1. Looking at Ile164, Ile215 in this structure, which one is outside any loop (DSSP other than H, G, I, E, B) and outside the structural domain of Gly119 (by TED's automatic domain parsing)?
2. Look at Lys142 and say whether it is over 27 Å from Ile296 (Cβ atoms), of a type outside the set (Phe, Trp, Tyr) and either outside any loop (DSSP other than H, G, I, E, B) or assigned by TED's automatic domain parsing to the domain that holds Ala19 (or both).
3. Listed residues Leu325, Leu316, Leu291, Leu299; which is assigned by TED's automatic domain parsing to the domain that holds Asn195, more than 18 Å from the chain's Cα centre (by Cα), touching a residue at least 12 places away in the same chain (Cβ under 8 Å) and within 28 Å of Asp99 (Cα to Cα)?
4. How many residues does region 261-284 hold that are closer than 13 Å to Gln227 by Cα, of a type in the set (S, T, N, Q) and either part of a helix (DSSP H, G or I) or in contact with a helix residue (DSSP H, G or I) (Cβ under 6 Å, 6 or more places away or on another chain) (or both)?
5. Select from region 133-156 the residues that are under 21 Å from the mean Cα position of the chain (by Cα), touching a residue at least 60 places away in the same chain (Cβ under 8 Å) and under 21 Å from Leu95 (Cα atoms) and list them in ascending order.
6. Against the condition closer than 30 Å to Asn339 by Cα, out of contact with any Ser or Thr (no Cβ under 8 Å at 6 or more places or on another chain) and buried (at least 22 other Cβ atoms within 10 Å of the Cβ), how does Glu128 come out, does it pass?
7. Does region 67-103 hold any residues that are of a type in the set (A, V, I, L, M) and part of a strand (DSSP E or B), and which are they?
Amino acid sequence: MHIGFITSEYPHHKVLHAAGIATSIKNLAVALVKKGVQVTVFVYHQNENTIIEDQGVTVHLIQKKTYQVFGWYLYRKYLQYYINTVVKNNSINLLEAPDWTGITAFMRFKVPLVIRFHGSDAYFCRLENRKQKFKNFVFEKKALKSASGFIAPTTYAGVETQKIFGLDQKKIKTIHYGLQLEHFVNNRPEQFGANTILYIGTIIRKKGVLELAKIFNKVIETNPDAQLVLIGGDAPDIKTGNTSTYKLMESLFSNTAKASVKYIGKIPYGEVKEQIEKAHVCTFPSFAETLGMVTIESLALQKPVVNTNIGWAQELIDDGVNGYLVHPENIDLYAEKINLLLNDKALCKNIGKAARLKVEKDFNIDKQADKNIAYYTQIIEKQ
């Protein structure tokens, strides 16, 4: 079997951008290679055309091109030609692409296309209760309608996407993202920075960071030693037009809380594990995700996590067993759960152990790769 992935991001120093989608694709690609599957990744919107080899995966960097008119269409046709040429010359059996922006709209491929619900613009607009640009909806729907099948990282993401676009529910298969668990081992879970609360993710409204500021204000009222560490790039705020969401967040901190906040900004992916290990508690009060890779990374490293209780998160954490689920707008209860963990090391230890077991059961990339292979085989055999 030979599988091709189409993406705008991938974790490699020569690639311009890498975030959660990139991590999930690489985890799967490397796991597939270990199982004897040949994998080619097509990364578009890059500075040059070049081919690199990375852990057994062949990665094609495809240069971004500009056109005087209809650039969105002509670049898609360029990608189509490039990818179809490699598909034919290298006997690729199936292609996979993300739903975001409907990149495969107006493309036709020589092999079946599977679209994975990493999160369409329409999906996030629905969760955030904001209006989507009509063009974006048209592109995403056209791309989805041309696919042979769909993979959802959580059942929640699958159901919501199906409702938005009117897809055939029978074509949607839920397969969680997975981790290479050998890379996420915490040999000293009892050692951490006491009273340190860690958030990792873009500083953007939909991630619940404005609510997190209010939550931390409550936490520090009863725990003056608490510290909040923020890691991730700052983003403009769509609702207010402010160029910095962090500035909005900063304005919400009390004077006491503000003195105990450390905003680090972006860090290399290789340093994420170390930062999680240092944390006492990890928190992700998001309003919009399909799954949330950093949540399962934190669980794997035996960290107690206080997470949102919206849809997808209920498939990651069993409330009160291997973490806590609280709606981000329930400021008092959210702060109460964080303080409960900060004040009880034995509880943290027990929840951390249970969290690791949860990841081993449901998010082991070796097991998830087998599920992907079975689904790919099913789609290929139908053609």
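1. Answer to the selection: Ile215.
2. yes
3. Within the list Leu325, Leu316, Leu291, Leu299, the selection yields Leu325.
4. Final tally of qualifying residues: 0.
5. Across region 133-156, the qualifying residues are Gly149, Ile151, Ala152, Pro153, Thr154.
6. No; evaluated as a whole, the condition is false for this residue.
7. Leu94, Leu95, Ala97
Every residue, every condition in (1) of a type in the set (S, T, N, Q); (2) under 28 Å from Leu32 (Cβ atoms), yes or no:
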| residue | (1), (2) |
| --- | --- |
| Ile164 | no, no |
| Gln169 | yes, yes |
| Lys173 | no, yes |
| Ala194 | no, no |
| Ile197 | no, no |
| Lys207 | no, no |
| Asn217 | yes, no |
| Asn223 | yes, no |
| Tyr269 | no, yes |
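The values are calculated or read from the model by the stated rules, or taken from the named source; none is laboratory data. On a predicted model such as this, the values are computed, not experimentally measured, just so you know. Every residue, glycine as well, gets a Cβ built from its backbone with ideal geometry; the counts of neighbours run over all protein chains shown.
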